[in-house]
Structure formats: structure tokens, C-alpha cells
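Input: a single structure, listed below in C-alpha cells.
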Amino acid sequence: MSRKSISLYIHIPFCKSKCYYCDFNSFVCRDEDVPAYFNLLRRELLLYKELLKGYTISTVFIGGGTPSLVDANNIYQIVFFLREIFEVDKDAEITIESNPGTLTLEKLEIYVACGINRLSIGLQAIQEDLLRKMGRIHSLEEFSHSYSLALKAGFKNINVDVIFGIPGQRLDDWKNTIEYMLKCEPTHLSCYSLKIEENSVFGEKHKNGKLIPVDDDLDRQMYWYAINKLKEKGYRHYEISNFAMQNYSCRHNLVYWKCEEYIGLGTGAHSFFNNKRYSNVINIRNYSDSIGKGIIPKENQILIAEQDRISEFIILGLRLIDGVAMEEFERKFDKCILDIYEKEITSLIKKNLLQISDKTIKLTSTGLDLANQVFVEFI
Ligand code: SF4
């Protein structure tokens with residue numbers, strides 16, 4: 001019997017300080033807490049040993065938080081450990097997230113030595129005033145230094161995260177950030193539109209009328225500037241917010257968008273396995289108690305009924321610029337997508353939000369701007 005593929009996400013919830021726009025599961029930690037957390041991660045991995053016996057790990061994503069903040073030997077050991085207990089594909093994509101100002105050549109070389117082959121760096125903007133406004137811990141110079149160290153250490157696949165729609169950001173600021181990126185030539189670029197999250201410093205300021213979001217027109221101008229400029233320079237726009245050079249799409253994130261299986265390890269990490277979705281407990285003490293008892297620290301487990309799987313498959317699939325192939329849908333669900341959603345699809349095509357070409361359903365350019373209006377029709 002052929003082995004099935006699965007992906008692993010490993011959450012490192014530690015950050016040097018909290019960025020003002022962030023509502024992720026991350027917090028400032030004491031150095032002495034780190035080894036204990038990695039010890040728990042190892043024990044959690046062991047809890048999956050039997051369950052994942054017939055599986056090959058195809059991608060691993062070490063995210064956070066700021067995984068590059070911790071002593072790199074912790075990272076080395078966890079990657080080494082998972083190779084010991086699971087079968088990891090020899091071509092597995094193994095990514096680590098990082099922030100400028102936390103990377104050294106030594107750390108980067110340790111990552112390479114344990115087989116990490118993709119580095120993601122959070123830059124967000126190149127203007128020092130915007131970086132300060134967002135509570136980022138680094139300067140542009142530190143990014144530039146980290147980026148050259150990564151190349152020196154041997155990383156050939158580097159993603160950079162940048163943000164547009166930051167309050168106070170001008171169109172020219174964004175254009176300069178994109179221009180700067182084009183000079184760096186990372187293999188992958190994620191361009192996110194800033195969302196003001198309720199549970200963040202920005203959210204609080206916004207509530208008190210002290211933060212004015214950028215208007216929608218400017219946000220869209222920035223988005224389309226990036227799409228056009230990056231395409232012109234050979235990047236493939238393959239997902240709403242993501243761009244890659246040929247063959248450098250993020251294989252791990254494609255697993256999420258294609259509704260394939262993954263296991264999340266660490267506090268608050270999400271999993272999708274055997275048609276069930278669940279998340280790990282966020283509270284570190286509860287996480288530790290559960291692992292101590294030999295129980296996977298999951299909560300909110302739900303069995304995804306077929307209709308919900310169909311709905312997720314379409315919504316996540318439409319995030320991809322290639323869209324949802326009707327034949328793939330039929331193979332997966334043994335149903336024709338048009339039999340289920342003919343009314344919705346026809347109406348979205350009339351509104352110029354969706355198109356069908358080559359038996360594939362995808363967002364139009366207008367649909368890219370109004371994607372949420374499309375998604376809601378498939379819920
Ligand atoms: S570095 Fe990332 S995870 Fe940490 S606070 Fe900033 S945005 Fe959040």
C-alpha cells in the first residue's frame with residue numbers, strides 16, 4: 001500500500017515583543033522557559049508516532065511567534081527528532097519563520113545543517129517610521145544584514161513578508177518597498193493587506209478613534225501595484241496574497257489551500273486529520289498538563305461533514321489564482337460542482353466575480369478585490 005503524505009506545523013509562540021497589529025498566539029517569554037517548551041514539543045511528536053505510521057512527511061513549517069528568537073540548537077534537535085520518529089520525504093520542504101535582528105550566521109548554518117531549506121523573513125515595510133509605528137523590533141538595515149547572511153549560509157529559497165494598507169503608509173512607501181524587494185530577488189513574496197484586529201494594540205487604538213485605517217481605494221491601488229509590478233518581473237501570482245518565482249510556490253501553504261491533511265504541534269496549533277479539524281489548547285500550562293498525561297492536547301474537535309468539506313474546498317481553492325478544477329472536484333467528491341452550486345456560480349459570473357475557463361472556476365480581477373463576497377456564497 002502506498003504511503004500517504006502529511007504536513008507538520010510546529011508552533012513556537014515566543015516573540016521579543018508584541019507587534020501592534022498582531023493578534024497571533026505569541027508572547028514574550030523568559031529564556032529559561034524555552035527548553036521546557038521544546039521538551040513538550042518532542043513529547044507531543046511522540047504522541048503521534050503510532051498514528052502517523054503509514055505517512056510520509058512532505059512539508060514541515062516551523063512558525064510562530066518568532067522561531068528564530070530561540071537558541072538554534074532547540075530547532076536543530078526538534079527537526080532531527082522528527083526525522084528519527086517519522087518518515088520524512090527526502091525532498092521535504094522545511095520552512096522556518098524568522099525576524100530580522102534575531103538571525104546570526106551561526107543560527108542560519110544550524111538551520112541548514114538540520115535540513116531546513118526554506119527561510120521566511122518578516123520585513124513588512126522598509127520605512128523606519130512605519131516599522132516603529134507597527135512596533136517591529138528591527139530596522140531595514142537589520143533586514144538587509146539578515147538577508148545577506150541567509151544567502152551566505154546557503155538558503156536558496158527565501159520568502160519575505162511585506163504588508164500594505166498600514167495606517168499612515170503612502171502609495172509611494174509601498175512602491176518603494178516593492179522596488180526594494182525586486183532588488184533583493186527573494187524566491188517568494190507574501191504581500192498582506194493589513195487587517196486591524198480587535199485584540200491588538202491597533203484594534204484598541206482604532207476603537208478609541210486614535211488610528212485611521214487606510215481607505216479601500218488606496219489599499220486596492222497598493223495591491224494592484226504589487227500584482228502588476230511583480231508579474232512584470234517574472235513572479236507568478238499564485239494565491240491572493242502570494243507570489244513566487246517558477247517552482248517556488250510554498251508547498252506547505254498549498255496543503256492548507258487544497259484541504260490536504262496536516263498536524264499542528266505546539267500551543268494553539270491547528271490540525272486537519274481524518275476529516276476532523278481540531279486545535280491544541282492555547283494555554284501553556286494546560287498544554288503541558290495534557291502532554292504530561294500522555295494525551296494529545298486537542299480541543300474543539302469537529303468532524304467535518306461532507307457539505308462543509310465541499311464548501312471549504314471551494315473557498316480555499318478559490319484563493320488560488322488557478323482556481324478550482326472541476327474534474328478534481330468531481331474526483332474528490334464524486335459530484336459535479338455545477339450540480340451543487342449552479343445558481344451561485346451563474347450569479348457570480350454575471351457579476352463578473354467568477355469565471356470558468358478550461359473547466360476551471362476562478363476569481364476574476366474584480367473577484368480578487370471582492371473575494372469575501374464570493375466566498376460567502378459557498379458557505
Ligand atoms: S513577530 Fe509576528 S508573531 Fe511576533 S508579535 Fe510580531 S507579528 Fe506577531
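The values are calculated or read from the model by the stated rules, or taken from the named source; none is laboratory data. Model, not experiment: these values are computed from the prediction. Here the Cβ positions follow ideal geometry from the backbone for every residue, glycine too, while neighbour counts run over all protein chains shown.
Tabulated values for the structure
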| read-out | value |
| --- | --- |
| In segment 205-251, the residues that are of a type in the set (Lys, Arg), more than 17 Å from ILE178 (Cβ to Cβ) and in a loop (DSSP other than H, G, I, E, B) | LYS210 |
| Residue that is within 24 Å of VAL162 (Cβ to Cβ), at pLDDT below 95 and within 16 Å of the ligand (Cβ to nearest atom), where the choices are SER26, SER68 | SER26 |
| Entirely in segment 31-113, the helices (runs of 4 or more DSSP H) that have 1 or more residues that are under 29 Å from ASP289 (Cα atoms) | 34-47, 72-85 |
| Extreme residue, surrounded by the fewest Cβ atoms within 10 Å (Cβ to Cβ), among residues of segment 311-345 that are among the acidic types (Asp, Glu) and part of a helix (DSSP H, G or I) | ASP339 |
| From ILE96, ILE116, ILE121, ILE166, residue being crowded, with 20+ Cβ neighbours inside 10 Å, of a type outside the set (Ser, Thr, Tyr) and away from the ligand (no atom under 15 Å from the Cβ) | ILE116 |
| Test: SER347 is in contact with a Phe, Trp or Tyr (Cβ under 6 Å, 6 or more places away or on another chain) and among the small types (Gly, Ala, Ser) | no |
| Residue, farthest from ALA92 (Cα to Cα), within segment 139-174, restricted to residues that are among the acidic types (Asp, Glu) and touching a residue at least 40 places away in the same chain (Cβ under 8 Å) | ASP173 |
| Which numbered condition LEU105 fails, given (1) within 11 Å of the ligand (Cβ to nearest atom); (2) in contact with a helix residue (DSSP H, G or I) (Cβ under 6 Å, 6 or more places away or on another chain) | (1) |
| Residues (farther than 12 Å from LEU40 by Cα, of a type in the set (Ser, Thr, Tyr) and in contact with a helix residue (DSSP H, G or I) (Cβ under 6 Å, 6 or more places away or on another chain)) located in segment 245-297 | TYR262 |
